[in-house]
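Below is one structure, written out as structure tokens; comments come after it.
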Amino acid sequence: VVVLDLLMPEMDGLTVLHELRKVRPDVQVVISSGFSGPLALRELPDGDRVRFLPKPYGLDELRTVLRDVVGRDGAALS
């Protein structure tokens, strides 16, 4: 699982996502932002499954999203 912020120096989150997909098309991705997340995700190709996690978030919210992404049996997320 990769957790990306939409706004990063050098390369934004959507650019990183496109580069990740070239290397590992099946990677699970969570994109986080305190700004325009859902609007920016409209730029993704149809069928590209990415979870959005709005900022600010706490450990419980992050844990819940990661469990949803990797499955409920993710022991490392307990």
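Could you pull out every residue, at least 5 positions away or on a different chain, whose amide H is within less than 5 Å of the one on Val29? Hs are placed 1.01 Å off N in the peptide plane, and Pro or chain starts have none.
The list, which skips near neighbours in sequence, is Val2, Arg51.
Using 0.36 nm per residue, how much length does the chain from Thr15 to Leu62 gain when fully extended, once their Cα-Cα distance is taken away? Let's see the in-between values first.
Working: separation 47, 0.36 × 47 = 16.92 nm, distance 2.23 nm.
Full extension from Thr15 to Leu62 adds 14.7 nm.
Please give the contour-minus-distance gain from Asp5 to Asp48: 0.36 nm per residue of separation, less the Cα-Cα distance, rounded to one decimal in nm. Write down the numbers at each step before the final one.
On the way: separation 43, 0.36 × 43 = 15.48 nm, distance 1.69 nm.
Length gained between Asp5 and Asp48: 13.8 nm.
None of the figures in this text is laboratory data; all of them are computed from the coordinates on show. Computed from a predicted structure; not experimentally measured.
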